[in-house]
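K.L.:
What follows is a structure written as structure tokens; I'll ask about it next.
The values are calculated or read from the model by the stated rules, or taken from the named source; none is laboratory data. Just so it is clear, the structure is predicted and the values come from calculations on it, not from any experiment. With ideal geometry, Cβ positions are generated from the backbone for all residues, glycine too; neighbour counts draw on all protein chains shown. For the accessible areas, the whole protein counts, side chains as well, though only heavy atoms, and no ligand, DNA or RNA atoms are used. Shrake-Rupley method; radii C 1.70, N 1.55, O 1.52, S 1.80 Å.
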Amino acid sequence: MGRRLCAWQNRLALDVLIAVFFVLLDTAATLVGASWWPAHPSTLAWAMLAVQGLADASLVFRRRAPILVIAILGGFTLVISLLISPGGLITPENAGNIWAPYGTVLAAYGPFHYRRDRRAAFAAVGLLTLIVARVWVPSASVITIGVLRTAVGPLLALYFTARHEVLQALRDRAERAEQERYLLAEQARAEERARLAGEMHDIVTHRVSLMVLQAGALGITAKDEATRQAAEELRAAGCQALDELRDLVGILRTEPDRDQTPSTSGLPALIAESTAAGTAVELAEDGDPALASPVVGRTAYRVVREALTNARKHAPGANVLVHIGYRESQVRVIVSNAPATRSAGSELSGTGSGFGLAGLRQRIELMHGTLRAGPTPSGGFRLEAVLPAYVPTAEPAEQTERAGQPAPTVRSA
């Protein structure tokens, strides 16, 4: 909301500056005789000069009401033209000049760039062209310059619109190529899993089958009961190993399940669990969580979970602050804890593989993010992860449908 308000204020300030520029430009051009200004200005001429400034000031609304701006500037041009001829109330010093303000150039740009209805834009600019060119008093030079003046804006608008559409098409094509590359990588991984599963099944099954057959033969040919019993137990263990191997190969040959790690929406529950376990945790979020793609949200959840686990192990009793900032280009996760209020238990602090942060750093670096962790000057610990807001991934169709959106095969994460 704040970003959109700031952008709107910047656009409004730019429009005001542009309107002021054209007010000054047309006033100066009129006074030096480049427009309709008479050699001996009357009160009516000074009044129309002020009206011309107000008409140029309407350019402030060129984004929201471009047709209205054309109507205002076209109406002023028509009135000043009629006052000159056939009214005869104002006599220009240079009768062959264009009497329309230069603001009509920018006014003709608006309907083609800010409106989708091209028929209305052509109609409005066409009528403005007839007024600026003073077709009721035919003059080759006036008509030529008038048409050129009103044609510049639409041509520029059509160029910028076509350029924007081409750039958007290129971005869409690049995104589709990235999605296709991800799908090809997924397919290659699945094929490699199936190949490895088949090889493991062939090699291990062959050896274990030999062991089972030899154990069975030994059970038959053994002369004492103890040997026969040991051989039977060995044969039964081999058969069980073959069954387990078959089940494991079946799992490897199936498509891997989707990552079931909760996203940032599961952080409140994670915080509640830590609080119930005796670790006081405060969660602060700013920005829109929707800016984070699903894989980024799950990674942020992992970062917070790992940080809270380490805080419980190594800083028991310490208060923990979790801050997550969502921006259009990145997601920043900061988890900091105060110094421990009591000594950490050796049994709890010694648990774990010791590779939690290393695994997180590897995952985050694969996403082109950064992870920094280390002690703070106050004796606590701080973990900070900066993740890109967008990372492509595949999402299940049913998950997309539950969100109320159409279910594409692959979507941008």
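K.L.:
Testing T254 on (1) exposed (fewer than 14 other Cβ atoms within 10 Å of the Cβ); (2) among the polar types (S, T, N, Q); (3) at pLDDT 80 or above, one condition comes back false. Which one is that?
P.N.:
Failed condition: (3).
K.L.:
If you scan region 23-62, which residues turn out to be within 25 Å of W8 (Cα to Cα) and surrounded by fewer than 16 Cβ atoms within 10 Å (Cβ to Cβ)?
P.N.:
L24, L54, F61
K.L.:
Is it the case that I70 is open to solvent by less than 30 Å² (accessible area, probe 1.4 Å) and in contact (Cβ under 8 Å) with a residue 12 or more places away in the chain?
P.N.:
Answer is yes for this residue.
K.L.:
If I filter region 135-156 for residues that are open to solvent by 60 Å² or more (accessible area, probe 1.4 Å), under 29 Å from the mean Cα position of the chain (by Cα), within 23 Å of F22 (Cβ to Cβ) and not small (G, A, S), do I get at least one hit?
P.N.:
yes
K.L.:
Could you list, in sequence order, the residues of region 180-191 that are more than 20 Å from V391 (Cβ to Cβ) and either touching a Phe, Trp or Tyr at 6+ places or on another chain (Cβ under 6 Å) or open to solvent by less than 80 Å² (accessible area, probe 1.4 Å) (or both)?
P.N.:
A190
K.L.:
Can you pull out every residue in region 86-118 that is touching a strand residue (DSSP E or B) at 6+ places or on another chain (Cβ under 8 Å) and open to solvent by 70 Å² or more (accessible area, probe 1.4 Å)? Explain how you work it out, then say what you get.
P.N.:
Just the residues of region 86-118 that are touching a strand residue (DSSP E or B) at 6+ places or on another chain (Cβ under 8 Å), to begin with: 90-93, 99.
Answer for region 86-118, where residues must be touching a strand residue (DSSP E or B) at 6+ places or on another chain (Cβ under 8 Å) and open to solvent by 70 Å² or more (accessible area, probe 1.4 Å): T91, E93.
K.L.:
Scan region 282-294 and report the pairs whose first residue is within 13 Å of R332 (Cα to Cα) and touching a residue at least 40 places away in the same chain (Cβ under 8 Å) and whose second residue is open to solvent by 60 Å² or more (accessible area, probe 1.4 Å) and among the aliphatic types (A, V, I, L, M), with Cβ atoms within less than 6 Å and a gap of 6+ or a chain change.
P.N.:
none
K.L.:
In addition: Just name the residue that is modelled with the highest pLDDT out of those in region 349-403 that are among the hydrophobic types (A, V, I, L, M, F, W, C) and open to solvent by 50 Å² or more (accessible area, probe 1.4 Å).
P.N.:
Restricting attention to region 349-403, the residues satisfying the condition of being among the hydrophobic types (A, V, I, L, M, F, W, C) are 355, 357-358, 360, 364, 366-367, 371, 373, 381, 383, 385-387, 389, 391, 394, 397, 403.
Still in the running and open to solvent by 50 Å² or more (accessible area, probe 1.4 Å): 355, 358, 366, 381, 403.
Numbers: F355: 58, A358: 81, L366: 79, F381: 92, A403: 39.
The selected residue is F381.
K.L.:
Could you tell me how many of the residues in region 83-130 are over 41 Å from the mean Cα position of the chain (by Cα) and in a loop (DSSP other than H, G, I, E, B)?
P.N.:
Number of matching residues: 16.
K.L.:
While we're here: Which count do you get for residues in region 308-329 that are open to solvent by less than 10 Å² (accessible area, probe 1.4 Å), under 19 Å from R361 (Cα atoms) and touching a residue at least 60 places away in the same chain (Cβ under 8 Å)?
P.N.:
Matching residues across region 308-329 total 2.
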